[in-house]
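Novice: Dropping the structure in here first, questions after.
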Amino acid sequence: MSRRSHIFAEGPQKFSWRIEQLANGDYRATCQNYPHIQGEGPSEQFALIKGKEAIDIAARKDELGS
């Protein structure tokens, strides 16, 4: 199993999210386990999608650790 697959296989407890509305009306999703991973967008769902994409990028760069 690749490192990326292993990170995703650990389950939902690995990534919990905090969503907040910004002053400009957009939303920011911040991973509570890895606060440097964030996604922003015009809706909560879009912010989460961007956050999940950021997790994928971090996993490929091996920035999540064990």
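The values are calculated or read from the model by the stated rules, or taken from the named source; none is laboratory data. No experiment lies behind these values; they were computed from the predicted model shown. All Cβ positions, glycine included, derive from the backbone under ideal geometry; neighbour counts span all protein chains shown. Keep in mind that these areas ignore ligands, DNA and RNA; they rest on the heavy atoms of the full protein, side chains included. Shrake-Rupley method; radii C 1.70, N 1.55, O 1.52, S 1.80 Å.
Novice: Can you tell me which residue among E63, E53 is within 9 Å of the chain's Cα centre (by Cα), within 15 Å of F15 (Cβ to Cβ), of a type in the set (D, E, K, R) and surrounded by fewer than 14 Cβ atoms within 10 Å (Cβ to Cβ)?
Specialist: Answer to the selection: E53.
Novice: Given the options A29, A23, name the one that is at pLDDT 90 or above, open to solvent by 90 Å² or more (accessible area, probe 1.4 Å) and either outside any loop (DSSP other than H, G, I, E, B) or among the hydrophobic types (A, V, I, L, M, F, W, C) (or both). Write out each step before concluding.
Specialist: Numbers: A29 fails: open to solvent by 90 Å² or more (accessible area, probe 1.4 Å).
Of the residues listed, the single one that is at pLDDT 90 or above, open to solvent by 90 Å² or more (accessible area, probe 1.4 Å) and either outside any loop (DSSP other than H, G, I, E, B) or among the hydrophobic types (A, V, I, L, M, F, W, C) (or both) is A23.
Novice: Continuing with the same structure: Counting only residues that are modelled with pLDDT under 90 and not in a helix (DSSP H, G or I), how many does segment 37-66 have?
Specialist: Of the residues in that region, 6 qualify.
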